[in-house]
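Notes follow the structure.
The values are calculated or read from the model by the stated rules, or taken from the named source; none is laboratory data. Here the structure is a predicted model, which means the values were calculated and not measured. All Cβ positions, glycine included, derive from the backbone under ideal geometry; neighbour counts span all protein chains shown. Accessible surface is based on the protein model in full, side chains and every heavy atom, while ligands, DNA and RNA are left aside. Shrake-Rupley method; radii C 1.70, N 1.55, O 1.52, S 1.80 Å.
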Amino acid sequence: MRNLSLVVLLCFTAIPFYGQSTHLEGSIDISLEKGRLKSQFVLTHLRHEDLTLSFMLHSDLAVKRVSLNDKEMAFKKTKEKCYDCTVYSITFEQALESADRLQIETDGRFKTYKAGQNKKDYKGKIANNYGILRASEQAKWYPVIISKGKNLPAFLRKYPYTFDLEANCDCRSVYIGRGVPKPSGSRFVSKSPSKDIMLIAGDYDWVEGEKAIFINISEKALIDRLDTLFSSISTYYEAYTKIDMPTKYVMAHLPSDNSRWGGFMTYPTIVSVRKSMGDRNLTAYLSHEVAHYLFGDVYQAEGNLFWFYLESFAEYFSYKYLLQHDPAAMRADYRRLKKQKDLVRLDQVKSFNEVNSTARYLIGPFQLLAMERRIGEEKMLELIASAFSKLNTSEDGYQTLIDALSEIGVSADAIAEIETELFQRFDPATYKFVEEKLKSK
Ligand SMILES: [Zn+2]
């Protein structure tokens, strides 16, 4: 990845996995004072047919020892590209059995930043900012096995684990994966597989609300406002999609010095990295992040239109919520849309990076709103179910979208109109119908 801003903008979530899942257990020793993260991991139920297995680990950490059923074995660093991480490979003498125990010991020092220093911070870093250690799944603080055949670059690849981890820390609170933070020496267990295992350790406080757990947020009025918003947004998405939203989110305030960065989601953990969490943009921000449960976890993006399927759909849902509950929060986006001149032609995208930030977060969501206006809300839900179900076998995400429109019964004429008016050219007038809605409230 040459373009750091792409990585900065990353925010996406876990993907569920069905069947017997690989299990990650072990112990983690965190020292904030020494900036040290030392772990002993044990992987079981490895579904791996090949004799060679590769995994990724953050470059601030190093593999110290690998053993199979307590017998030490050789491992090597490979030259495979991995952003901020190193790819290791090990070769077995025979295929693994489910009960085989692959032990991986890691050790390393994470960076502790002084206030104002970590200006290039992003989700892929393991960082101690303002006294709190943050390591997302993208930072690969635990070994992430590389599964083959996914149409994604290494830094987006994840691997689902059920887990049982014990964490020790010279700090007051540790959070791993989900649920409430716990004191040093606690165990963190998840029986449902997750590709998103977030670590937050430090001397922070937390509060449990109705709909979410709040980490490092203490202001009562803000917590109440966030809790109400979580509830309102979840209810709206549930009513529309008939899909149950998570019963409890985790909202963490982990301030970072990168002023261009707003936050990210490591499902079910929503992180704000802003210096202060004021009321500004809160509705737009939360409605986008909560939608990532649907687009990222329930529906999984893949392929050349990865960013469109992940981000534009999440933002489209956010817009739907805003139009209903807080249209004023959408006005700035609409004004920006009207000024746009260039269109990323989704029908011509070859590589996933061609879908730039404007296409992902601005034009894409408006294209989807305009499509909904033509085919209706019910058909949009059918379209989502149909298109996403084919992405893992599709060669071209745009063709998948068009095929799905046809499959759900949209007429050939209507599809041709959608293609020419929404995807082959950009005319701000096409989106004037949104202006009416913004005015009406
Ligand atoms: Zn997003």
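Just to be sure before I move on: is residue 218 of a type in the set (S, T, N, Q), outside any strand (DSSP E or B) and within 22 Å of residue 325 (Cα to Cα) in the structure I sent?
Against the criterion (of a type in the set (S, T, N, Q), outside any strand (DSSP E or B) and within 22 Å of residue 325 (Cα to Cα)), residue 218 does not qualify.
Read through the list (1) in contact (Cβ under 8 Å) with a residue 60 or more places away in the chain; (2) open to solvent by 10 Å² or more (accessible area, probe 1.4 Å), then give the number of the only condition that residue 289 fails.
(2)
Being open to solvent by less than 10 Å² (accessible area, probe 1.4 Å) and in contact with a Cys (Cβ under 9 Å, 6 or more places away or on another chain) narrows it down to one of 201, 212, so name that one.
Among 201, 212, only 201 is open to solvent by less than 10 Å² (accessible area, probe 1.4 Å) and in contact with a Cys (Cβ under 9 Å, 6 or more places away or on another chain).
Please work out which one of (1) surrounded by fewer than 18 Cβ atoms within 10 Å (Cβ to Cβ); (2) at pLDDT below 95; (3) away from the ligand (no atom under 16 Å from the Cβ) is the condition residue 281 fails and give its number.
Against the list (1) surrounded by fewer than 18 Cβ atoms within 10 Å (Cβ to Cβ); (2) at pLDDT below 95; (3) away from the ligand (no atom under 16 Å from the Cβ), residue 281 comes up short only on (3).
Quickly run through the stretch 401-441 and pick out the residues that are hydroxyl-bearing (Ser, Thr, Tyr), out of contact with any helix residue (DSSP H, G or I) (no Cβ under 9 Å at 6 or more places or on another chain) and within 19 Å of residue 308 (Cα to Cα).
420
Restricted to the stretch 234-273, and to residues that are free of Cβ contacts under 8 Å to residues at least 24 places away in the same chain and more than 26 Å from residue 158 (Cα to Cα), which residue is most open to solvent (accessible area, probe 1.4 Å)?
242
Is it the case, given these coordinates, that residue 377 is at pLDDT below 95 and not aromatic (Phe, Trp, Tyr)?
Answer is no for this residue.
Give the stretch 38-75 a look and list any residue that's modelled with pLDDT of 95 or more, assigned to a loop (DSSP other than H, G, I, E, B) and of a type in the set (A, V, I, L, M), or say none.
Passing the criteria: only 74.
How many of the residues making up the stretch 49-86 are over 15 Å from residue 156 (Cα atoms) and open to solvent by 100 Å² or more (accessible area, probe 1.4 Å)?
Of the residues in the stretch 49-86, 8 are over 15 Å from residue 156 (Cα atoms) and open to solvent by 100 Å² or more (accessible area, probe 1.4 Å).
Which residues, taken from the stretch 296-305, are within 12 Å of the ligand (Cβ to nearest atom) and either at pLDDT 95 or above or more than 24 Å from residue 253 (Cβ to Cβ) (or both)?
301
Taking residue 327 and the conditions (1) within 14 Å of residue 305 (Cβ to Cβ); (2) touching a residue at least 40 places away in the same chain (Cβ under 8 Å), which numbered condition does it fall short on, given that it satisfies the others?
Here residue 327 clears every test but (1).
Looking only at the stretch 233-262, which residues are over 15 Å from residue 214 (Cβ atoms), part of a loop (DSSP other than H, G, I, E, B) and among the aliphatic types (A, V, I, L, M)?
243, 245 - these are the residues of the stretch 233-262 that are over 15 Å from residue 214 (Cβ atoms), part of a loop (DSSP other than H, G, I, E, B) and among the aliphatic types (A, V, I, L, M).
For every residue, the table says whether it meets (1) of a type in the set (Lys, Arg); (2) away from the ligand (no atom under 16 Å from the Cβ); (3) part of a strand (DSSP E or B); (4) over 30 Å from residue 157 (Cα atoms).
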{"residue": "309", "(1), (2), (3), (4)": "no, no, no, no"}
{"residue": "320", "(1), (2), (3), (4)": "yes, no, no, no"}
{"residue": "328", "(1), (2), (3), (4)": "no, yes, no, yes"}
{"residue": "333", "(1), (2), (3), (4)": "no, no, no, yes"}
{"residue": "343", "(1), (2), (3), (4)": "no, yes, no, no"}
{"residue": "347", "(1), (2), (3), (4)": "no, yes, no, no"}
{"residue": "360", "(1), (2), (3), (4)": "yes, no, no, no"}
{"residue": "386", "(1), (2), (3), (4)": "no, yes, no, no"}
{"residue": "390", "(1), (2), (3), (4)": "yes, yes, no, no"}
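List pairs: first in the stretch 79-107 and more than 17 Å from residue 46 (Cβ to Cβ) and assigned to a loop (DSSP other than H, G, I, E, B), second modelled with pLDDT of 95 or more and small (Gly, Ala, Ser), Cβ under 6 Å, 6+ apart or cross-chain?
84/59
Kindly indicate whether residue 263 is within 21 Å of residue 126 (Cβ to Cβ), modelled with pLDDT under 95 and either aromatic (Phe, Trp, Tyr) or within 14 Å of the ligand (Cβ to nearest atom) (or both).
Taking the combined requirement at face value, the residue satisfies it.
Table: residues versus (1) touching a Phe, Trp or Tyr at 6+ places or on another chain (Cβ under 7 Å); (2) surrounded by 19 or more Cβ atoms within 10 Å (Cβ to Cβ); (3) farther than 17 Å from residue 254 by Cα; (4) not basic (Lys, Arg).
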residue: 113; (1), (2), (3), (4): no, no, no, yes
residue: 117; (1), (2), (3), (4): no, no, no, yes
residue: 134; (1), (2), (3), (4): no, yes, no, no
residue: 186; (1), (2), (3), (4): no, no, yes, yes
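Would you confirm, using the coordinates I've provided, whether residue 11 is closer than 30 Å to residue 121 by Cα, under 22 Å from the mean Cα position of the chain (by Cα), at pLDDT below 95 and within 16 Å of the ligand (Cβ to nearest atom)?
So residue 11 fits the description; yes.
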